[in-house]
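The values are calculated or read from the model by the stated rules, or taken from the named source; none is laboratory data. Treat the numbers as computed from the prediction; the structure is a model and nothing was measured. Cβ placement follows ideal geometry from the backbone for every residue including glycine, while neighbour counts extend to all protein chains displayed.
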Amino acid sequence: MDDPLAGLAEKLSGPRSSKVSGHEATRPARALKSLGSVLDKETRAIMNFEASVKRRYSAAAQASELALCCPVEYDRRYIDGIPAEVIEKDYGCGNPSAYIAPGETVLDLGSGAGKICFIAAQVVGPKGRVIGVDMTDEMLAVARRSAPIVGERLGYLNVEFRKGADPGSGA
Ligand SMILES: C[S@@+](CC[C@H](N)C(=O)[O-])C[C@H]1O[C@@H](n2cnc3c(N)ncnc32)[C@H](O)[C@@H]1O
């Protein structure tokens, strides 16, 4: 892959044969090169971070982990129709469903096993729509196999799950 910073650095350093520009002209080029390596380090750090988040949630999608859970109160009405597996693998830390209304379209970034999406599906109702996005395959698998079960219980299916991640994550 082309490195845009290296390309820019070469342009700034001017023609290689030029003796006039000499030392001064290469200074911005050197600065850009070192900026490039710092950015590279940052990108690698972000990618490592994302990989460990993925590993953590991948394991937690396969076996319930109590330590990952924050106690949150949900309206019992919305929980009853959600498969037990989703509730067991729910690691949510808040209740954004309190801020949505019937007919709305909801996007849940980091939807995990889908609990909030399944609650939202009931709040927005058959005229609304819910899209859950997650980067962890194992979480998506739990959410996707639960969606038709919730749909059947509700009498409508208005929720879908897509794979996605922050573009910088390398996921
Ligand atoms: C706490 S769980 C989600 C809980 C869910 N929102 C709920 O309340 O039911 C966090 C989820 O975010 C996902 N995640 C974390 N960082 C992400 C990223 N950069 N892109 C996509 N998904 C991400 C993880 O895979 C994990 O499944």
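Numbers for the structure displayed
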| quantity | calculated |
| --- | --- |
| Scan of region 116-144 for residues that are in contact with a helix residue (DSSP H, G or I) (Cβ under 8 Å, 6 or more places away or on another chain), closer than 16 Å to residue 58 by Cα and not small (Gly, Ala, Ser), ordered by number | 134, 135, 136, 137, 138, 139, 142 |
| The listed residue being among the β-branched types (Val, Ile, Thr) and over 18 Å from residue 81 (Cβ atoms), out of 123, 133, 159 | 133 |
| Elements of type helices (runs of 4 or more DSSP H) in region 45-133, at least 3 residues being within 13 Å of the ligand (Cβ to nearest atom) | 84-88, 115-124 |
| Residue in region 94-107 that is farthest from the chain's Cα centre (by Cα), counting only those that are within 29 Å of residue 59 (Cα to Cα) and at pLDDT 95 or above | 106 |
| Residues located in region 33-89, provided they are under 17 Å from the mean Cα position of the chain (by Cα) and β-branched (Val, Ile, Thr) | 43, 46, 53 |
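Residue by residue, here is whether (1) of a type in the set (Ser, Thr, Tyr); (2) touching a residue at least 60 places away in the same chain (Cβ under 8 Å) holds:
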| position | (1), (2) |
| --- | --- |
| 86 | no, yes |
| 91 | yes, no |
| 101 | no, no |
| 121 | no, no |
| 126 | no, no |
| 135 | no, yes |
| 160 | no, no |
| 166 | no, yes |
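For (1) under 16 Å from residue 150 (Cα atoms); (2) surrounded by 13 or more Cβ atoms within 10 Å (Cβ to Cβ); (3) in contact with a Lys or Arg (Cβ under 6 Å, 6 or more places away or on another chain); (4) among the basic types (Lys, Arg), each residue gets a yes or a no:
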position	(1), (2), (3), (4)
36	no, yes, no, no
41	no, no, no, yes
61	no, yes, yes, no
72	no, no, no, no
87	yes, yes, no, no
108	no, yes, no, no
115	yes, yes, no, yes
120	yes, yes, no, no
